């Protein structure tokens, strides 16, 4: 007589095994340390984007000029400090630089390696060509090379002590903070995107 087939496993064990096989098992791809590191990286990236969006950096305007003795009007007003005549080149097609009186200006003489501070006292209303500037301000010799392009003319007074190496007629290079711009606009292509969005 044939005996019935017998399972070598108990019924509860088979049931438990089948339940485990039906359960979805996700592979463990990241350790908790790596997962936390990626979240930290994401937070730092968002923080950097926020700083780039709201952060601003100064914009500087550069020019060249020469030191002058104080004018008769300045001496009569009790101001006998040295003056400076500064030429800011104006490039055609570029936006006009906006400067105000009393704006600080840094003057540097590269030959003597000396820096002095000053402030703008007046700004001529019109832009002068190199030929007009040479005649109007009586520029001769090396000083004619100060104006290669049409320029905006600034008058400034020196507010710090002038070293003996600098004297009337010394050529100086000027640096003026003319404003600020968003840090994000320094990235290539972002300026055109921001301009299109506005």
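The values are calculated or read from the model by the stated rules, or taken from the named source; none is laboratory data. This one's a predicted model, so the numbers in the text were calculated from it and none came from an experiment. Every residue, glycine among them, receives a Cβ derived from its backbone with ideal geometry; neighbour counts consider all protein chains shown.
Count of the stretch 72-107 residues, restricted to those that are modelled with pLDDT under 85 and surrounded by 13 or more Cβ atoms within 10 Å (Cβ to Cβ), is 5. I'd like to check something: does the stretch 177-192 contain any residue that is assigned to a strand (DSSP E or B), in contact with a helix residue (DSSP H, G or I) (Cβ under 9 Å, 6 or more places away or on another chain) and at pLDDT 85 or above? No, the conditions are met nowhere in the stretch 177-192.
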